[in-house]
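Here the structure comes first, spelled out in structure tokens, and everything after it is commentary.
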Amino acid sequence: GEGYCLPCSMKPRSDLVLRIASTSAVAKTSAATHTTTVTRVERLSPTTIELALAAPEPGVAFLPGQYVNITVPGSEEHRSYSFSNAPDADELTFLVKVTPGGLMSGWLTDTAAVGDEVSFTGPHGSFFLREADRPALLLAGGTGLAPILSILRTLEAEGSERPVHLVYGVSTDDDLVGTDTLAALADSIDHLTWEHCVADPDSSAEHTGYVMSLIRDEHLHGGDVAVYLCGPPPMVEAVRGHFADEGVTPTGFYYEKFTPASGAPSAAEPTPADEVGAEEPDAEVDPVL
């Protein structure tokens, strides 16, 4: 009478879409505070640093795609970063966009050293890989590659055979990282293909422009596809608009927006976020299952 039902005791008689109010609670992971140490600070490109931390004991249970809030050493502020490693790894890794004057950027660039103590809380987020065999389309913008890498590394560890295509887009050649890693993953994972593009028309990349230009019909599998989209807000909105314009409604559509800590990306072009912001990544889930 009040619009509620018990789906566990019902059988659908036709195709249907369930709209589920989804929060991080559905991940069945429990947020906690962990303290660990820096194992590596590596400059991957002029604009991107990889931070690696020792996995604390007894470990951090998270789902690929989730994030943590890392306290910037020497301050009381935190920044949110998605894991780029697979669960159960000995090292926790994160991608950080270097921002002049940024609190985390300053620490990583000027101060951070192996052995430094770091605290974080998490995991958080409802953007994570769902268990399903249907094909997946992964779309990553800038350091939004991090959670997508975690998803790919998980698929590799599971020996997944589901068809997966990745489109990875950045603003400039300086922002391009991880291509060797992606090539190695494509060699290791059956049925994984990938392409990348650079928005800067002067780029030396094979494809210039935005990720939408590389989404082709064969990647959509007639709509029976799970789309995982992570990047700065302008990119996320552009991709959502692209699907709407094309009249495509994926079976599963999961996305997360990275909010910059300081300064806002131009609304006119999908520039990567400065840093994943003091505000938590904005994760939303469109129709699931």
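The values are calculated or read from the model by the stated rules, or taken from the named source; none is laboratory data. From a predicted model like this one, the values you see are computed outputs, not experimental measurements. Ideal geometry is used to build each Cβ from the backbone, glycine not excepted, and the neighbour counts take in all protein chains shown. Note: accessible area is taken over every heavy atom of the protein model, side chains too, but ligands, DNA and RNA are not part of it. Shrake-Rupley method; radii C 1.70, N 1.55, O 1.52, S 1.80 Å.
See the values below:
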item: Selection count, the range 85-96, where residues are open to solvent by 20 Å² or more (accessible area, probe 1.4 Å) and either at pLDDT below 95 or of a type in the set (A, V, I, L, M, F, W, C) (or both); result: 4
item: Enumeration of residues in the range 179-209 that are of a type outside the set (A, V, I, L, M, F, W, C) and closer than 22 Å to Ile151 by Cα; result: Thr179, Asp180, Thr181, Asp187, Ser188, Asp190, His191, Thr193, Glu195, His196
item: Unique match (being aromatic (Phe, Trp, Tyr) and part of a loop (DSSP other than H, G, I, E, B)) among Phe127, Phe120; result: Phe127
item: Test: residue in the range 132-146 that is among the aliphatic types (A, V, I, L, M) and farther than 19 Å from Gly178 by Cβ; result: yes
item: Selected residue (criterion: farthest from Gly159 (Cα to Cα)) from residues of the range 180-210 that are exposed (fewer than 14 other Cβ atoms within 10 Å of the Cβ), free of Cβ contacts under 8 Å to residues at least 24 places away in the same chain and not acidic (Asp, Glu); result: Pro201
item: Number of positions in the range 126-158 that are touching a Ser or Thr at 6+ places or on another chain (Cβ under 6 Å) and within 20 Å of Glu50 (Cβ to Cβ); result: 5
item: Pairs, first under 30 Å from Val170 (Cβ atoms) in the range 28-51, second basic (Lys, Arg) and surrounded by fewer than 18 Cβ atoms within 10 Å (Cβ to Cβ), C-beta under 9 Å, six or more apart; result: Ile49/Arg43; Glu50/Arg40; Glu50/Arg43; Leu51/Arg40
item: Of all residues making up the range 149-179, the number that are in contact with a strand residue (DSSP E or B) (Cβ under 9 Å, 6 or more places away or on another chain), free of Cβ contacts under 8 Å to residues at least 60 places away in the same chain, closer than 19 Å to Glu131 by Cβ and part of a helix (DSSP H, G or I); result: 2
item: Close pairs from the range 52-71: first under 12 Å from Ala86 (Cβ atoms) and outside any loop (DSSP other than H, G, I, E, B), partner open to solvent by 10 Å² or more (accessible area, probe 1.4 Å) and of a type in the set (Lys, Arg), Cβ under 6 Å, at least 6 apart; result: none
item: Number of positions in the range 38-51 that are buried (at least 16 other Cβ atoms within 10 Å of the Cβ) and not in a strand (DSSP E or B); result: 1
item: Exclusive hit being of a type in the set (A, V, I, L, M, F, W, C) and either open to solvent by 50 Å² or more (accessible area, probe 1.4 Å) or over 24 Å from Ser160 (Cβ atoms) (or both), set Ala112, Ala136; result: Ala112
